[in-house]
Amino acid sequence: MSVSPRKSTRRSTAKPADVSTESLLSQYRMMLLIRRFEEKAGQLYGMGLIGGFCHLYIGQEAVVTGLQSLAQDNDCIVTSYRDHGHMLAAGMDPKGVMAELTGRSGGYSRGKGGSMHMFSREKNFFGGHGIVGAQVPIGTGLAFAQRYRGEDGVTYCYLGDGAVNQGQVYESFNMAALWKLPVVYVIENNKYGMGTSVERSSASVELYKRGQAYGIPGMQIDGMDVVHVQQQAAPMVADVRAGKGPCVLELQTYRYRGHSMSDPAKYRSKEEVSRMRQEHDPIDNAKVLLLKSGAVDEAALKEIDKEIKAIVGEAADFAQASAEPDATELFTDVLLEA
Amino acid sequence: MPISVLLPALSPTMTEGKIARWLVKEGDEVASGTVLAEIETDKATMEVESVDDGTMGKILVEAGGDPIPVNTPIALILAEGEDASALDAAPKAEAPKAEAKPEPEPKPEAKPEPKAEAKPAPRAESVSANVPVGALDSNSPLHITESAFSTDDPVTEPEPAFAKSAPMTVREALRDAMAEEMRRDKDVFLMGEEVAQYNGAYKVSQGLLDEFGAQRVIDTPITEMGFTGLGVGAAMSGLKPIIEFMTFNFSMQAIDHIINSAAKTLYMSGGQLGTPIVFRGPNGAASRVGAQHSQCYASWYAHCPGLKVIAPYSASDAKGLLKAAIRDPNPVIFLENELIYGQSFEVPEDEDYVVPIGKAAIKRRGAHVTLTAFSRMVGVALHAAEELAKEGIEAEVIDLRTIRPLDLPTIVHSVKKTNRLVSIEEGWPYAGIGSEIVSLVCEYAFDWLDAPPLRVTGKDIPLPYAVNLEKMSLPEVADIVAAAKAVVAR
């Protein structure tokens, strides 16, 4: 393929080349961690230990895992409220994330933020935003700051297909393109914004073309295949890092669970869900590749499974054992001392 | 030991549910993600997935029965290596105890000592400000104790006599404040519509582009929500943006980012992530620009915890407070007024002249009535005080300067002396700043009041265009004089 991705907006058709087993194995672990973490979160929600809204990332693991495998330490991440997977992929501690879900003092926000509002300055994770699309100008601002300081970091700004019709997304695209800001806009197209399909909400469903009016190159990538995500996104991210301005990546993906825990998902057929699970599961895909490579066997994968289960189990124990925030915390963190 | 599957809560309000049907039978292999059953809640039918791998050992609650409480065991899963004999050891294998554990709101038992393993990132030192607004719970650190009012005079420094000062317009004072802070700190930058090449729609940023360049003085597209959110993102990562709104009327386009993204993030992050950002620009009525360009936003922003709100009158306060706002680590709303940009005041020449946020200033001493005002209305109130003096009524005029945190001790102290209060603002009366001040004075100085406090405000209408109607809509000297006379009862 000789067409420069900077010059055109396109669907990716390239077949993934070989990927190192070591890299694939670590991505397999991460996806499994996210999957098991989310399943456990769903269970704790069912037990009444997690309250309010809880949006699970199950099915979409390859998106954030593949993209964050390209990240440097000085890169920033910002996303919407379906954010648990992003936090784990950013390297945040599962215990601190789970304890925030249960609203305990050991949580990343000391129990004051909840599922949708978590941050980690240390890991350059800037939320966790509960207002659809709000993270897009914020992410653009993080990239503005990277450029202002002359750093070579980029910002990964994740948004869903439901956010792409918000006006502020295009206000951000315009400024990012105008000022050549180092931001990678990642549209996670899981086909439904809450209960409304992309077809019912978007006049143009080719979301990777949404930056076209601003001259932002776009690419559509199979987001159910972690190798594909990593390989297709790599040159696009490299261009952003090199100062060529933003890009729009549309990752085609699927969430297995409802929009939030209380969504029965009547807007799609059971067959559609089970077809995605059976034929396109990102973890199964990676597993097949790993076994085919011969570098690991079933027993080794089982061992990984056990390790991940232990990590998640520990996180769940911590999240239940950690104390509720002290009453004295009620009025703290409203303002910083001048 | 087999794993108990409990009836899950599938919404924040679900307390019980019915098993509509089982999708696995005893002896089936199950894995993480296998759909086990369909549950009917009060709202919908939902699927329950397994979170464990193993074999379905025993179904404890058959489908189609009565609703059972959340957290009731509904099945037992045998883990790998376990056989059916393990079921006998399971405590609740006997019968579906539908009536068991009627706990609608299962609450975890929090152990007092958490394992301190997962450590959230260290947070910056944070304090609760001295803000009485809306938080008068006596357990709250925001609560103001009586002792705060007991000093002879909380305003220890009257209007300072500056060592060296020069006359300067409010416009120049604002410009100098930004320039000085930008020289002092390279993380400070100015962004907004027409702030750079045009030198500001009202020429407040005159000369800044020449001195600091296009990297730090940035013309934006007309896209308030976008550049406000962008500024908030930049501030989250440690820069100190000054966001200019051509007028605060346009900030309504961006208010989601001001409140939801800037004001709430420190709290939502457990103190990790502050947002050092200043939103500034002209606020309130200008002259004949009609309803959409003439609103006062003081009460809108003052309502919100996590923000500081400043509305200066004089050029020295404009300069000193804008410098304080830029240095402040919190989001600050800085309300200016177009009609006083051109007014001159004495301004100290000292580059380190900073006015503390949260302190009112007594602009005129008097014993008969307290007048509170902010921004342009301070000038009108001072004028009214002169008129009142001609009739023997000595008004004490308080320039609030900061709206949030409000300097309540200065107001209460004054009211305890004058026993009368008139609050003045050009914004609307309903749920306005005056409503809050009157309410607080009633809470803290009720016994000292000799007359019901009064509010002089803009009229409760969208501001009209016609010159005569516009004049009738905004507080004037005569309105203040009349209100003061009414409370003094002369």
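The values are calculated or read from the model by the stated rules, or taken from the named source; none is laboratory data. Not measured: the values here are computed from a predicted model. Cβ atoms come from the backbone with ideal geometry, glycine included; neighbour counts cover every protein chain shown. Each accessible area value is taken on the protein alone, full model and side chains, heavy atoms only, with ligands, DNA and RNA left out. Shrake-Rupley method; radii C 1.70, N 1.55, O 1.52, S 1.80 Å.
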Across region A:264-275, the tally of residues that are within 12 Å of another protein chain (Cβ to nearest Cβ) and open to solvent by less than 30 Å² (accessible area, probe 1.4 Å) stands at 2
Per the list (1) at pLDDT 95 or above; (2) within 14 Å of another protein chain (Cβ to nearest Cβ), residue check on A:Gly245 breaks on (2)
Next on the checklist: When you scan region B:250-268, do you find a residue that is crowded, with 24+ Cβ neighbours inside 10 Å, among the β-branched types (Val, Ile, Thr) and over 15 Å from B:Leu190 (Cα atoms), even just one?
Outcome noted: yes
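Rundown of residues vs (1) under 15 Å from B:Ile480 (Cβ atoms); (2) of a type in the set (Asp, Glu); (3) more than 26 Å from the chain's Cα centre (by Cα); (4) at pLDDT below 95, yes/no style:
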{"site": "B:Gly392", "(1), (2), (3), (4)": "no, no, yes, no"}
{"site": "B:Ile398", "(1), (2), (3), (4)": "yes, no, no, no"}
{"site": "B:Arg401", "(1), (2), (3), (4)": "no, no, no, no"}
{"site": "B:Leu406", "(1), (2), (3), (4)": "no, no, no, no"}
{"site": "B:Lys417", "(1), (2), (3), (4)": "no, no, yes, no"}
{"site": "B:Ser423", "(1), (2), (3), (4)": "yes, no, no, no"}
{"site": "B:Glu426", "(1), (2), (3), (4)": "yes, yes, no, no"}
{"site": "B:Gly434", "(1), (2), (3), (4)": "yes, no, no, no"}
Among residues of region A:212-228 being within 16 Å of A:Val169 (Cβ to Cβ) and buried (at least 20 other Cβ atoms within 10 Å of the Cβ), the residue nearest to the chain's Cα centre (by Cα) is A:Gly218
Tell me, yes or no, whether region A:143-150 has at least one residue that is within 14 Å of chain B (Cβ to nearest Cβ), open to solvent by 20 Å² or more (accessible area, probe 1.4 Å), assigned to a helix (DSSP H, G or I) and without any contact (Cβ under 8 Å) to a residue 12 or more places away in the chain. yes
Among the residues of region A:119-130, is there at least one that is assigned to a loop (DSSP other than H, G, I, E, B), touching a Cys at 6+ places or on another chain (Cβ under 9 Å), in contact (Cβ under 8 Å) with a residue 24 or more places away in the chain and more than 7 Å from every other protein chain (Cβ to nearest Cβ)?
yes
ask   = Of the residues that make up region B:201-208, is at least one surrounded by fewer than 24 Cβ atoms within 10 Å (Cβ to Cβ) and in contact with a strand residue (DSSP E or B) (Cβ under 6 Å, 6 or more places away or on another chain)?
value = yes
Residue hits (region B:444-475; over 25 Å from B:Lys417 (Cα atoms) and open to solvent by 70 Å² or more (accessible area, probe 1.4 Å)) are B:Lys459, B:Asp460, B:Ile461, B:Pro462, B:Tyr465, B:Val467, B:Asn468, B:Leu469, B:Lys471, B:Met472
If we ask which residues in region B:224-246 are part of a loop (DSSP other than H, G, I, E, B) and open to solvent by 10 Å² or more (accessible area, probe 1.4 Å), their number turns out to be 3
In the set A:Thr155, A:Thr102, A:Thr65, the lone residue that is crowded, with 23+ Cβ neighbours inside 10 Å and at the interface with chain B (Cβ under 8 Å from one of its Cβ atoms) is A:Thr102
Restricted to region A:309-338 and to residues being touching a residue at least 12 places away in the same chain (Cβ under 8 Å) and among the acidic types (Asp, Glu), the residue nearest to B:Val51 (Cα to Cα) is A:Glu314
* To do: Check whether at least one residue in region A:314-335 is away from chain B (no Cβ under 12 Å) and open to solvent by less than 20 Å² (accessible area, probe 1.4 Å), and report yes or no.
  => no
- Query: Is region A:156-175 home to any residue that is modelled with pLDDT of 95 or more, assigned to a loop (DSSP other than H, G, I, E, B), closer than 21 Å to A:Asp75 by Cα and among the aromatic types (Phe, Trp, Tyr)?
  - Reply: no
Within region A:28-37, the count of residues that are open to solvent by less than 10 Å² (accessible area, probe 1.4 Å) and either touching a His at 6+ places or on another chain (Cβ under 6 Å) or in contact (Cβ under 8 Å) with a residue 60 or more places away in the chain (or both) comes to 4
